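Below is one structure; the comments refer to it alone.
Rule-based calculations on the coordinates, nothing more; no lab input. Keep in mind the model is a prediction, meaning the values are calculated, not measured. Please note: Cβ atoms are built from the backbone with ideal geometry, for glycine as well, and neighbour counts cover all protein chains shown.
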Amino acid sequence: GKLALIAGVANRRSIAWGIAEELHAQGAKLAFTYQGERVEKNVRELAASIGSDLVVEMDARDDASMDNAFSEIAKGLGGLDLLVHSIAFAQAHDLQQRFIETQRDDFWLALDVSCYSLVAMARRAEPLMEARGGGSIVTMTYLGGERAVPGYNVMGVAKAALDSTMKYLAADLGPKNIRVNAVSAGPVRTLAGRSIPGFTVMEEMVAERSPLKRNVDAHDVGKAAAYLLDA
Ligand code: 0WE
């Protein structure tokens, strides 16, 4: 019976969709935000497949768009308990060239979409969760924020900032019984993952070194997220 908002579904391979399926299986009522007309149809069809018609456009770089999305969702869901932030973007060339070449506007683009968006969403979620006596927020991070992973570059800087953002938000929201956590997934075969040069080789190397000798998929991540969300 928990009320959940999921931001970051692009298609059925998205980590956000793996989390959505798990939350649905555990009985949550779901709403979705999507970014851009290109993915609207995908997200509406996926939402419909689990009985949800609460799908609202939200541009994470636009405050007015975020205000509108949160007011639509608060109205449609009738409250909010769980928030899933599964949003990131860096220019493709910044994940290929040397990190040192990152330009100012592309640096801030990556930080804005991949990190500040969590602050912006948490601030809008706070009154809705407070009204229900508490809530829980989960975002997605990656090892490249802790160590220099070849090619991850400005996304690593954004994830380092995201990890810290998660902790400061937890400090602000904890007294209101709102928890904030991040799941650090390994490489997952998504739209974002697959378009990265050398992704397949990296996947093979990670699988070989891992205890289970395999990579995680969006459903593994979904189960970890659902636990942290206390779905
Ligand atoms: O966070 C990510 C990838 C996020 C991402 C992916 C893209 C591809 C398409 C952000 N922005 C874009 N922009 C695009 O235009 N991961 C954890 C997956 C990932 O990306 C890497 C990795 C791993 C793992 C890039 C280099 C090295 C490793």
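So I87 fits all but one of (1) crowded, with 19+ Cβ neighbours inside 10 Å; (2) part of a loop (DSSP other than H, G, I, E, B); (3) touching an Asp or Glu at 6+ places or on another chain (Cβ under 9 Å); what number is the exception?
(3)
Within region 195-216, count every residue that is on the phi < 0 side of the Ramachandran plot and in contact (Cβ under 8 Å) with a residue 40 or more places away in the chain.
Adding up the residues that qualify gives 3.
Among the residues of region 60-106, which ones are closer than 27 Å to Y227 by Cα and either within 15 Å of the ligand (Cβ to nearest atom) or in contact with a His (Cβ under 7 Å, 6 or more places away or on another chain) (or both)?
A60, H85, S86, I87, A88, F89
Could you check region 62-83 and list, in sequence order, the residues that are in contact (Cβ under 8 Å) with a residue 24 or more places away in the chain, surrounded by 15 or more Cβ atoms within 10 Å (Cβ to Cβ), farther than 20 Å from G133 by Cβ and under 19 Å from the mean Cα position of the chain (by Cα)?
M66, A69
Among the helices (runs of 4 or more DSSP H) confined wholly to region 107-222, which include 1 or more residues that are more than 10 Å from the ligand (Cβ to nearest atom) and either touching a Gly at 6+ places or on another chain (Cβ under 9 Å) or of a type in the set (A, V, I, L, M) (or both)?
Here the list reads 117-130, 154-173, 199-209.
Out of the residues in region 23-58 that are farther than 18 Å from I137 by Cβ and of a type in the set (S, T, N, Q), state the one that is farthest from the chain's Cα centre (by Cα).
Out of the qualifying residues, it is S49.
Quick check: anything in region 84-97 without any contact (Cβ under 8 Å) to a residue 12 or more places away in the chain and either under 20 Å from H24 (Cα atoms) or of a type in the set (S, T, Y) (or both)?
no
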